[in-house]
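Heads up: the structure comes next, in C-alpha cells.
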Amino acid sequence: MANQGVSNERKRELEQMDPFQEALAKSIKWAKAHKKQLMISIGALVGVVVVFSAIMFSFKQSEIKASELAATAYEKYEKQFSLNQDARKGYDAVKGDFQTLLSEYPNTSAGRMALINFGKICFEAKAYDQAFDLYSRALPVLGDKTGVKNFLLCTLGTICELKNDPEQGKSYYIRVEESSSNLLKDDARFALALIYESLNDSDASRRMYEKIAESQGSSMYKDIAQAQISK
C-alpha cells in the first residue's frame with residue numbers, strides 16, 4: 001500500500017506543470033488567440049528586413065560604380081595632362097565625367113572625395129568659380145577633420161584673392177589663424193599680413209608677422225617675417 005501511495009503522490013506531482021511549462025502554455029494560447037495580428041507583425045518584420053537588405057545592396061552597388069567612374073576620370077585626366085602638361089585640356093577631358101559622378105553619386109565616398117579632387121583640377125585649370133563652388137561644398141561634408149578643414153579654408157582664401165576679392169579671402173584665413181590647430185596657420189598669417197598691407201593696415205600686418213616670427217618650429221615665412229619686423 002505504501003508503494004501505491006507514493007505512486008499516486010508522484011502522479012499528482014507530474015500532473016502539475018512547472019513554471020516554464022505554464023508560461024509556454026500561456027504563450028501558445030496567446031499566439032492562437034492573436035494569430036492574425038502575429039502573422040501581420042511577422043510579415044511586417046520580414047518586409048523591413050527585405051527593404052533594408054535591398055537598400056544596403058543598392059548602396060554597395062553605388063559605391064562600386066562611383067569608384068569605377070572616379071578611377072576612370074582620374075586616369076583620363078592624367079593621360080591627357082601627360083601629353084602636353086596643359087591643365088585646361090585635362091579639365092575639358094574629364095569635366096563631364098566628374099559632373100556625372102557628383103550629380104548621380106553625391107553620397108558615396110568617391111563622390112564626396114571628388115569635391116576636393118575635381119576642385120584641384122578646376123583650380124589648376126584656372127576655372128576658379130567652379131573650384132570655389134566645389135571647395136565650398138566640400139567644407140561642410142569633409143571639413144570635420146582639422147587638417148582637411150584648414151586646407152579647404154586656405155584654398156578658398158587663395159581663390160578669393162585670385163578673383164580679386166581679398167576681403168572675402170581674409171575671412172577664410174582668419175578662421176585658420178584662430179583655429180586650435182597649427183596646420184597651415186603660418187600660411188594663413190602670411191596671407192593675412194599681405195592682405196592687411198594692401199588695405200593699408202600696417203598694425204594688423206605687423207601683428208601677423210610677429211606671430212609668424214614667434215611661432216614654434218620651422219616656417220618658410222620666418223625669415224621674411226623677421227625682416228618685415230626689423231624695418
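Of note:
- Of the listed requirements (1) closer than 16 Å to Lys211 by Cα; (2) free of Cβ contacts under 8 Å to residues at least 24 places away in the same chain; (3) of a type in the set (Ser, Thr, Tyr), Ser171 misses just one: (1).
- Scan of segment 122-149 for residues that are in contact with a Ser or Thr (Cβ under 8 Å, 6 or more places away or on another chain) and at pLDDT below 95, ordered by number: Thr146, Gly147, Lys149
- Residue in segment 155-170 that is within 23 Å of the chain's Cα centre (by Cα), over 24 Å from Gly90 (Cα atoms) and at pLDDT 95 or above present: yes
- Within segment 192-222, the residues that satisfy the criterion of being in a loop (DSSP other than H, G, I, E, B) and more than 35 Å from the chain's Cα centre (by Cα) are Leu199, Asn200, Asp201.
- Residue match in segment 179-192 (condition: surrounded by fewer than 15 Cβ atoms within 10 Å (Cβ to Cβ) and either out of contact with any helix residue (DSSP H, G or I) (no Cβ under 8 Å at 6 or more places or on another chain) or on the phi > 0 side of the Ramachandran plot (or both)): yes
- For Leu115: the one exception among (1) closer than 17 Å to Ala66 by Cα; (2) without any contact (Cβ under 8 Å) to a residue 40 or more places away in the chain; (3) surrounded by fewer than 17 Cβ atoms within 10 Å (Cβ to Cβ): (3)
- For Lys231, the criteria (1) at pLDDT below 95; (2) part of a helix (DSSP H, G or I) hold in every case but one, which is (2).
The values are calculated or read from the model by the stated rules, or taken from the named source; none is laboratory data. Everything quoted here is computed from the prediction, not taken from an experiment. Glycine also receives a Cβ, built like all others from the backbone with ideal geometry; neighbour counts cover every protein chain displayed.
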